[in-house]
Amino acid sequence: MSTVQAAQVSPDFFDLAGARPLVGRFFVKGDVDAGRFMVLSYDFWSERMAASPSVIGSKVDLDGQPTVVVGVAPRDFRVPEGALLWTLQ
């Protein structure tokens, strides 16, 4: 088990930041009540998921809860500094 720095964000966080997903999608307002979802940083995706596009839609254990991967952020997106994944608030 390892610790990963995560950031909790609003559904429109990536849109407001002007980012576009590298793979998959970012959050949508409907995700708020539909379950647990996450977006991976490029570094996390490439180093821990072997840069596999098939990770989209898969469930990953996050704090003991299954969380669906919906997207991967672009390589240069690092907001906030050190975040390796993002979840909804």
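Take residues that are within 16 Å of Gly82 (Cβ to Cβ) and tell me which of the strands (runs of 3 or more DSSP E) falling wholly in segment 1-71 contain 2 or more.
Because the criterion is at least 2 residues that are within 16 Å of Gly82 (Cβ to Cβ), the strands (runs of 3 or more DSSP E) in segment 1-71 that meet it are 6-9, 37-40.
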- [ ] Within segment 13-47, track down each residue that is touching a residue at least 12 places away in the same chain (Cβ under 8 Å) and hydroxyl-bearing (Ser, Thr, Tyr).
- [x] Ser41, Tyr42
- [ ] Report yes if Ser58 is within 14 Å of Ala7 (Cβ to Cβ) and under 13 Å from the mean Cα position of the chain (by Cα), otherwise no.
- [x] no
TODO: Within segment 59-76, identify whether any single residue is over 15 Å from Phe26 (Cα atoms), surrounded by 11 or more Cβ atoms within 10 Å (Cβ to Cβ) and free of Cβ contacts under 8 Å to residues at least 24 places away in the same chain, and answer yes or no.
DONE: yes
Task: Residue count for segment 21-54, restricted to those that are out of contact with any Lys or Arg (no Cβ under 6 Å at 6 or more places or on another chain) and over 10 Å from Gly71 (Cβ atoms) - done: 21
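Let's see how each residue does on (1) in contact with a strand residue (DSSP E or B) (Cβ under 8 Å, 6 or more places away or on another chain); (2) among the charged types (D, E, K, R); (3) surrounded by fewer than 11 Cβ atoms within 10 Å (Cβ to Cβ):
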residue	(1), (2), (3)
Ala6	yes, no, no
Val9	yes, no, no
Pro21	yes, no, no
Phe27	yes, no, no
Asp33	no, yes, yes
Met49	yes, no, no
Ser52	no, no, no
Task: Subset of segment 7-39 [under 17 Å from Asp61 (Cβ atoms) and either at pLDDT below 95 or touching a helix residue (DSSP H, G or I) at 6+ places or on another chain (Cβ under 6 Å) (or both)] - done: Gly35, Phe37
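Run down Pro80, Pro74 and say which single residue is closer than 13 Å to Ala7 by Cβ and part of a loop (DSSP other than H, G, I, E, B).
Sole residue among the options that is closer than 13 Å to Ala7 by Cβ and part of a loop (DSSP other than H, G, I, E, B): Pro80.
So how many residues does segment 5-51 have that are of a type in the set (Val, Ile, Thr) and over 12 Å from the mean Cα position of the chain (by Cα)? Walk me through how you get there before you give the answer.
Start the filter on segment 5-51 by keeping residues that are of a type in the set (Val, Ile, Thr), which leaves 9, 23, 28, 32, 39.
Next, from what is left, pick out any that are over 12 Å from the mean Cα position of the chain (by Cα): 28, 32.
Residues in segment 5-51 being of a type in the set (Val, Ile, Thr) and over 12 Å from the mean Cα position of the chain (by Cα): 2 in total.
The values are calculated or read from the model by the stated rules, or taken from the named source; none is laboratory data. Here the structure is a predicted model, which is why all the values come from computation and not from measurement. Counting neighbours? That spans all protein chains shown, and the Cβs are built from the backbone with ideal geometry, glycine included.
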